[in-house]
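Worksheet: the structure to be examined is printed underneath.
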Amino acid sequence: MNLGTLLEIIVALIFIYLASSLIISELQEQLAALLEFRAKNLKQALEIFLGKKTIKSLYNNDSLLSSFNQYTNPITGNSAGPSYVEPKVLAESLISLVNSQLSDNEKLLKADFLGKNLVEEKTGIFKKLASISDFSKIDELAIDRLIEIGYSTKLKHDNPTLENFVDEIANTFTQIMERTSGVYKRNAKGVSFAFGFLAAALLNIDSFYVIEQLSKNPNLRQGINQLATEVVKTNESCFKDAKGDPNKVAECTEKLQASVKDLEKINQPLPLGWNEKGWFNGEQIKEQNGWQAIFGWLMTGVAVAMGAPFWFDVLGKLINVRNTGKPISPNTKK
């Protein structure tokens, strides 16, 4: 096997990993939306920070925050809440909840200054927060958190107003959401592998069998290489411009899905899926060397967990290397 054939096999395999990642990640996202993983993670993080009663009040049907939750779970008929909220909206909703627990002459106003929070002297917003005695809808923990945020606001401003205070609350919520998103992504890696392995088994995407068939069928690997080159050419600029911006990467991934769906251009049957005898039939598993098929599915599961953007990046680099390489003339003298 020469270097050119080996490179064709690798490019074709990575393209199959890319296509598999796109298909399986889409199924995983639909499952995550159905089970409301993101919404539950956000709600749990906010409950830890502000307390369960506070979050229950913020999420109820009369709150400003509830208007941002448009999703209803088709299974339960309910919703765990929004999967994302603008931090400023969340901060303003919390201030509204605080005001609902204050008398009319004690409500937080735009003209209010943060004031002092000394044992012998409390003024401004600190004084109003300390006056809250009804904790039926808001936790004492939430008030303590607001006081802590008040201290950090005073470090940034000479005489902070309510607006400065709300901005600092929003900054705090931004940090919470970023940490929550990080935890979700780490957990999603493990889920991606498990889901990827299951999907690889159900769809019979056996990495070892795929490599074997690619090495035997030049028309198949050349067809996949041609399509892979077209896909990279179409989408490369989008991913290049999107580096460092998760939202733009997500948009590019959606466009990539449409490009990869043109698999019929290959004009060759892909070495994937089960034959007419159905799932997990012994004859086909035997053809795929029995236990080796399981390890092939595991390998595909690991590959899928790496994500489509990763494989697109690798694919682009390999195709660029292949395109810049020059064939060695048989008459070249050593």
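A search for C-beta distances below 7 Å between a residue of segment 192-220 that is in contact (Cβ under 8 Å) with a residue 12 or more places away in the chain and any residue that is open to solvent by 10 Å² or more (accessible area, probe 1.4 Å) and basic (Lys, Arg), counting only pairs 6+ apart in sequence or on different chains, returns 214/221. Pairs, please: C-beta under 7 Å, at least 6 apart or cross-chain, first residue over 15 Å from residue 198 (Cβ atoms) and in segment 7-31, second charged (D, E, K, R)? So the pair list comes out as 7/322; 8/221; 9/221; 11/322; 12/221. Where helices (runs of 4 or more DSSP H) fall entirely within segment 84-191, those with at least 2 residues that are touching a Lys or Arg at 6+ places or on another chain (Cβ under 8 Å) and open to solvent by less than 40 Å² (accessible area, probe 1.4 Å) are at 87-100, 124-130. Can you confirm whether segment 204-214 contains a residue that is of a type in the set (S, T, N, Q), at pLDDT 85 or above, over 20 Å from residue 23 (Cα atoms) and exposed (fewer than 13 other Cβ atoms within 10 Å of the Cβ)? No, because not a single residue in segment 204-214 is of a type in the set (S, T, N, Q), at pLDDT 85 or above, over 20 Å from residue 23 (Cα atoms) and exposed (fewer than 13 other Cβ atoms within 10 Å of the Cβ).
Of the candidates 19, 39, the single residue that is crowded, with 20+ Cβ neighbours inside 10 Å, in a helix (DSSP H, G or I) and modelled with pLDDT of 85 or more is 19. The one condition from (1) touching a Pro at 6+ places or on another chain (Cβ under 8 Å); (2) under 25 Å from residue 37 (Cα atoms) that residue 154 does not meet is (2).
The values are calculated or read from the model by the stated rules, or taken from the named source; none is laboratory data. A quick note: this is a predicted structure, and the numbers were derived from the prediction, not measured. Cβ: placed from backbone, ideal geometry, glycine included. Neighbour counts: every protein chain shown. Surface areas here come from the heavy atoms of the whole protein model, side chains and all, with no ligands, DNA or RNA. Shrake-Rupley method; radii C 1.70, N 1.55, O 1.52, S 1.80 Å.
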